[in-house]
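Report on the structure given below.
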Amino acid sequence: MSTSINSEDLEFIEDELHFDDKVSLLFLLYGHRNPKYLLQILTVAIRAPDAKTQFLSEWANLVSAKDGDRWQPELLEALAIVQANLCLLKCGFDEEELRGQFLPHVPELATHVHPILKGLLLLCEKIDFETGRKLTEYLKQNHDPLVVQHNWLEMVLLELIGQGLVTLGSKAPGMECDLGNLIAAFKGLELEGLRDFCKNIESSFNRDFQLEKNQSDDARSSLISEVKGKPVESIDQLERYIITRNNAGLILIVNQFKFYRETNPELIELLPSEPLKNRRGTEVDKLAILNLFTDFGYEPIVVENIPHLEILKQVEKAVDQVKQSHCSLVVCLLSHGQEGKVYGSNSIPLNVKAIERKMASGKMTGKPKLLFVQACQGSGLQTAVDVVPRLEHDGPSSETTASVFVDFLVAWSTVPGFASIRHIEKGSWFIQELCLKMKQLHKRDHLMDILTAVINDVSAKRGYENECMVPIIYSTLRKKLYFEPLQVAN
């Protein structure tokens, strides 16, 4: 097709489009790049739908900065999908030729536009306003109370994508899409046709992944047996880390149960305003972690009720004990906390960045370093209510932490600014769910997928007064991390 779109055409195209078409077009162009940002600008634009906008120019500049002129065929295909036929005709394009090139009405096929976004847009066209209202209400009641009613169903879908309730997937890194929440909603509303439409979109996108997974599953046991007993350097070529039982490495568990007030006058100003409570239930977490990781082959180091500087010394000592043949190092911190910090038993906070720096020793190059933190990152509760008697939170706020080291993973039990919930008899939500999911899923899934399941399940939990929490993960792992299947009963 000789005719092409250039940057000068974008203003004309945008002026020609009805606001409904703008919403649909931007959904296709932005939905997999930055759905939250798109939702924000659409929310503002709705107030004056006839106002002049420059959304397409902004989008083209964003894409061209990364991928050059690849924005042109993507925009062309998106215009064909939203049936902006008059606009395309005025730009000199042949409608029939475009239909033959892009097959805009075939949900399973997409050349430049993300195929799941195309399928979801075609889904929107099948849903009338009343059905869309029922769908939004169902999602709000069953998944997230923050889902709100919009005049455009595309905006509801943007919320679901932005909140992780819908996963678009990506061919390049090999990530499957997940429309399970939509499929379940249509089933719950007894809309079988729409449910089947979503299932077809999902299965079509994931078909190649399933084929690859079946092939890799057949070979996985032989891969594990080949690398078993070898140092981590010989595993690198497999594009995955595999933690083998014979040389898994070390796990350091710092379990803080009792706290006292530091008396050193130079440190007193660092003390929290109120004395820290003893952390009832942490023993359950300690045992769960200990049992799981020793089953995986880790050599345990357990220290309890130590002051803040001793935590650094213990981490440094653990790093020194890592052998060349060890696959990895794991550190678990169970304590009270502030944002980006954990407390020593002397009630003095320690910046987690300092712990990360100790773990990022030169001798650990190429080895995965896993840091799990069960501690508050603030005193806020995500429902703004007091914690009930049998639930406590791990902290009394304001430096964030993020790992910048290669082969690093840091998992916090809660996002910055909020409390981390711990049952005084059953242990913390995060640690208990982490151990459970690792037992259940480690045979088939790598660690990041397992942690995604942990986030999903923990964020769905509710306390007696509707308290909730959301774990957060920082990762610079370069490969997928697998644990050798346990031989013990799960």
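The values are calculated or read from the model by the stated rules, or taken from the named source; none is laboratory data. Please read all numbers here as calculations on a predicted model, not as lab measurements. Glycine gets a Cβ as well: all are built from the backbone with ideal geometry, and neighbour counts include every protein chain shown. With ligands, DNA and RNA removed, areas are computed over all heavy atoms of the protein, side chains included. Shrake-Rupley method; radii C 1.70, N 1.55, O 1.52, S 1.80 Å.
Solvent exposure of the stretch 233-364 amounts to 42 Å² per residue of accessible area, where only protein heavy atoms count and the probe is 1.4 Å. The alpha carbons of the stretch 35-113 give a radius of gyration and a Dmax of 14.2, 37 Å, in that order.
For the stretch 256-263, the Karplus equation 6.51 cos²θ - 1.76 cosθ + 1.60, evaluated at θ = phi - 60°, returns couplings of 9, 10, 9, 10, 9, 8, 4, 9 Hz by residue, with Gly and Pro reported as x. Here the stretch 290-334 is treated as a sphere whose radius is the Kirkwood value from Cα pairs; by Stokes-Einstein at 37 °C and 0.692 mPa s it diffuses with a coefficient of 281 µm²/s. Using the Cβ-Cβ distance between residue 184 and residue 301 with R0 set to 45 Å, the FRET efficiency from 1/(1 + (r/R0)^6) comes to roughly 0.55.
Rounded to the nearest 0.05, the FRET efficiency derived from the C-beta distance between residue 18 and residue 260 at R0 = 51 Å is 0.15. For the stretch 15-59, the fraction of C-alpha pairs more than 11 angstrom apart is 67%. Computed from backbone phi with θ = phi - 60° and the Karplus coefficients 6.51, -1.76 and 1.60, the 3J(HN,Hα) list for the stretch 329-338 is 10, 10, 10, 10, 10, 10, 6, 6, x, 10 Hz; x is used for glycine and proline.
Ligands, DNA and RNA left out, the 1.4 Å accessible surface of the stretch 52-100 is 46% carbon and sulfur atoms. The solvent-accessible area of residue 97, taken with every protein chain present and a 1.4 Å probe, is close to 90 Å².
Residues 284, 319, sorted by accessible area with the largest first, give 284, 319 [1.4 Å probe; ligands and nucleic acids excluded]. Using the alpha-carbon positions of the stretch 281-355, Rg (one decimal) and Dmax (whole number) come out as 13.0, 37 Å.
Given their separation in residues at 0.36 nm each and the Cα-Cα distance between them, residue 96 and residue 6 gain 30.3 nm when the chain is fully extended.
The phi torsions of the stretch 24-33, fed into the Karplus equation with coefficients 6.51, -1.76 and 1.60 and a -60° offset, translate into couplings of 5, 5, 5, 4, 5, 8, 9, x, 9, 9 Hz, rounded to whole numbers, with Gly and Pro shown as x. When the residues 196, 320, 285 are ordered by accessible surface, computed with a 1.4 Å probe over the protein chains alone, the sequence from largest down reads 320, 196, 285. Put 406, 254 in order of accessible area, highest first, and with a 1.4 Å probe you get 406, 254. Measuring only protein heavy atoms, the 1.4 Å probe finds residue 150 accessible over about 30 Å².
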